[in-house]
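S.K.: Questions regarding the structure given below will be posed in turn.
Just so you know, all these numbers are worked out from the coordinates, no wet-lab data involved. As the structure is a prediction and not an experimental result, all values here were calculated from the model. Cβ placement follows ideal geometry from the backbone for every residue including glycine, while neighbour counts extend to all protein chains displayed.
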Amino acid sequence: MASVPSFADVEIQILPIETAGYPVRIRLNHEQEFASAFLTPTPWQPGLTTMENGQKLHNWFFTDEGLRRAWAEIRGQCPERRLRWHIDAGASELQSVPWELLLDDTATGETRFMAASSATPFSRYLASSGRPGGPILQRPIKMLVAIANPSDLDQYGLQPVDIDTEIAQLQAATASLEIELIPLPQPCTLTAIEAALRQGAHILHIVAHGRHTPASDQHPETSILYMADMEGKTEPVAADAFSAMLGHMLADNGWRHEEKLRLVFLASCETAKQSPADAFRGFAPQLVAAGVPAVLVMQDLVPVTTARQFSASFYEALLQHGQVDRAANEARATLLTADLPGAANPILFMRLRGGQLFGVRGQILGDRSDSFWRTLLENIEDRECTPFLGPRVTEAFLPGPADLARQLAAEYGYPFADSDNLPRVAQFIGTLDNRRLRRGVMQTLVRRFKQPLGLAEDRHDRRRTLSEVVAEADWPARSREMGESELHHLLADLGLPLYLTTNPDNFMALALQQRVSNVRRVAIDWRTREARDNQPIFWDLEPPPDPEQPVV
């Protein structure tokens with residue numbers, strides 16, 4: 001797998017319309033928030049060409065001067081940045097806008113499509129509760145291909161689906177990749193899809209006709225796919241029924257992680273005459289809410305050459321580096337390079353902050369022998385291993401030593417050049433007032449912890465410890481939403497008896513409490529006489545730690 005660049009995280013949130021327009025908020029790396037701006041509620045009117053649409057979107061989105069300044073600052077700080085377009089449910093009318101054609105200015109003065117550059121992975125982000133799971137390491141990747149071709153489609157004014165052609169196109173697109181195609185036997189029913197998924201599939205590729213009915217006074221908004229019943233006749237399946245089926249499956253703890261569904265691809269069939277755009281866009285958010293990490297939809301009719309080129313490029317890139325948003329960008333770029341129509345049609349809805357769907361087993365580098373690593377793995381399996389957690393483990397939630405030192409130095413007027421030296425800065429503040437130092441450190445940690453989680457500061461925070469604030473914020477659930485492979489949870493899943501940490505937080509204990517109820521935290525006082533004299537310190541833990549009663 002190719003090396004993965006380090007992307008800054010940029011979340012663009014568009015909120016329900018107000019008097020001044022749609023409020024737009026931008027957050028960089030979960031913590032730095034830029035001043036709110038407004039998007040004018042001008043109805044979207046498409047242009048004649050892809051470039052014209054991109055320029056119209058650019059002019060519309062960047063009308064606000066404050067938004068232009070914020071974007072220029074972010075672009076200057078972070079040339080490689082993951083763009084998560086978070087359109088609030090109350091502004092769902094904006095989902096029909098082809099955001100994937102939005103142009104961005106570059107440092108050289110040129111323009112490029114944000115959603116077609118490998119430097120700016122682009123997705124429509126949908127927040128969801130529940131744990132998305134970690135990257136899949138298993139190979140081959142299993143793809144269940146469900147093609148709905150009921151025998152009476154003509155009664156609904158729809159064309160039959162050419163199953164052989166659709167399968168042949170996918171086979172051609174994935175022939176050189178580690179992907180196992182699993183065609184679903186006809187008839188393509190909802191229960192048949194469920195049964196096949198339970199046998200293990202990482203990708204569900206659906207080819208079907210769809211229909212969307214807008215909300216009215218008599219009926220709510222509905223999106224359906226034309227599936228089949230057991231007799232092979234048409235059975236419309238609503239988005240809520242389809243998502244409920246997937247939700248029950250993904251919540252099943254008995255389903256092995258390596259077999260779980262990671263991606264749904266909704267593709268319009270080659271014979272379709274009516275665009276399924278609204279239906280597919282209606283399905284996607286409900287599938288993500290049900291627990292599917294990523295949903296890719298072809299939101300409009302596209303020529304067969306476009307569909308074939310996009311699928312081949314997308315799946316090749318996805319298996320190369322595993323990042324679904326980056327793969328979608330790279331596949332769109334091939335459409336633009338080949339001057340093929342429909343570059344804005346593929347839309348990615350995603351609940352992953354890091355976009356990593358698939359991974360590969362790592363290669364261990366170093367001068368240790370193979371027997372050393374085998375022994376280490378055996379020790380972990382036998383639960384005779386003790387992890388040591390240093391300060392960089394918590395960088396997603398807390399400042400590192402140098403960052404903490406700089407913040408304290410700025411706040412307390414540290415006069416020397418080495419403002420990133422935490423012991424020196426702490427000693428300076430401590431000579432003024434040791435209680436002030438402790439309070440300053442705690443307040444800085446609490447403030448930094450709350451920022452990426454979007455939690456408001458509380459006037460009572462100054463009297464609470466970091467552990468109290470972390471526990472109250474439901475850190476285990478929130479951390480899993482932020483990252484599907486959070487390290488504390490991965491270590492807790494090893495089921496070891498003892499964990500050592502140099503950090504003042506309770507992250508490791510809270511992660512363990514998701515697995516076992518009885519977790520002990522023991523603080524070691526390094527200021528004892530033995531420690532000052534560099535004498536060994538012996539600790540007896542009674543009762544001894546074990547996997548069911550671990551000690552941090």
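S.K.: Which percentage, to the nearest 5, of the DSSP beta bridges contained in the chain is antiparallel?
M.R.: Restricted to the chain, the bridges split so that about 45 percent are antiparallel.
S.K.: Also: How far, in nm, would the chain grow between LEU541 and ASN518 when pulled straight, counting 0.36 nm per residue and subtracting the alpha carbon separation?
M.R.: Here the segment from LEU541 to ASN518 would lengthen by 6.8 nm.
S.K.: Could you work out how far apart the two model spin labels at ASP403 and ASP493 are, taking each label as a point 7 Å from the Cα in the direction of the beta carbon, and quote it in nm?
M.R.: So the label points at ASP403 and ASP493 sit 2.5 nm apart.
S.K.: Here is a follow-up. At 222 nm, what helix-only mean residue ellipticity would the chain give, in deg cm²/dmol to the nearest 500, using -39500 (n - 2.57) for each DSSP H run of four or more? Each step should come with its number before you reach the end.
M.R.: Values: 17 runs with 191 residues, N = 552.
So the calculated ellipticity at 222 nm is -10500 deg cm²/dmol.
S.K.: Simple spin-label model, 7 Å along Cα-to-Cβ: ALA456 to ARG436 in nm?
M.R.: So the label points at ALA456 and ARG436 sit 3.1 nm apart.
S.K.: In addition: Would you mind pulling out the separation of the Cα centroids of region 285-345 and region 396-452, in Å?
M.R.: If you average the Cα positions of each part, the centres end up 46 Å apart.
S.K.: Could I ask something else about it? Determine the gain in length on full extension of the stretch SER369-LEU48; use 0.36 nm per residue of separation and subtract their C-alpha separation, reporting nm with one decimal. Numbers along the way, then the final one.
M.R.: Details: separation 321, 0.36 × 321 = 115.56 nm, distance 6.27 nm.
Full-extension gain reported as 109.3 nm.
S.K.: Arranged from highest to lowest average of other beta-carbon atoms within 10 Å per residue, in what order do the peptides 41-53, 393-405 appear? Mind showing how you got there, number by number?
M.R.: Numbers: 41-53: 12.2, 393-405: 18.4.
Highest-to-lowest ranking by the protection proxy: 393-405, 41-53.
S.K.: May I pose another question? Across bins of 5 angstrom width beginning at 0, how are the C-alpha pair distances of region 8-120 distributed, in whole percent?
M.R.: Calculated P(r), rounded to whole percents: 2, 11, 22, 27, 22, 12, 3, 0.
S.K.: Could you give the length gained by full extension between ARG383 and GLU110, i.e. 0.36 nm per residue of separation minus their alpha carbon distance, to one decimal place?
M.R.: Numbers: separation 273, 0.36 × 273 = 98.28 nm, distance 5.59 nm.
So the extension gain works out to 92.7 nm.
S.K.: While we're on this one: Taking log10 I(q)/I(0) by the Debye sum over Cα atoms at q = 0.06, 0.07, 0.11 Å⁻¹ straight from the coordinates, which label in (1) -0.36, -0.49, -1.10; (2) -0.40, -0.53, -1.11; (3) -0.55, -0.65, -1.07 is the correct one?
M.R.: (1)
S.K.: Show me the three semi-axes of the equivalent ellipsoid for region 397-459, from the C-alpha gyration tensor (sqrt of 5 times each eigenvalue), largest first, rounded to whole Å.
M.R.: Here the semi-axes work out to 21, 13, 8 Å.
S.K.: Return a whole-number percent for the relative contact order of the chain, with Cα pairs under 8 Å and 6 or more residues apart as the contact set. Please list the in-between numbers first.
M.R.: On the way: 978 pairs, mean separation 71.6, N = 552.
Worked out over the chain, it gives 13 percent.
S.K.: A follow-up question, please. Report ³J(HN,Hα) in whole Hz for each residue of region 313-321, in order, from the Karplus equation J = 6.51 cos²θ - 1.76 cosθ + 1.60 where θ = phi - 60°; Gly and Pro get x.
M.R.: Whole-Hz 3J(HN,Hα) from phi for region 313-321: 5, 5, 5, 5, 5, 4, 6, 6, 10.
S.K.: Another question about this same structure. Using a 10 Å cut-off on Cβ atoms, rank the peptides 325-332, 436-443 from the highest mean neighbour count down.
M.R.: My ranking of the peptides, most packed first, is 325-332, 436-443.
S.K.: Using r as the Cβ-Cβ distance of SER151 and ALA89, and R0 as 41 Å, what FRET efficiency do you calculate, to the nearest 0.05?
M.R.: E(calc), rounded to 0.05, equals 0.65.
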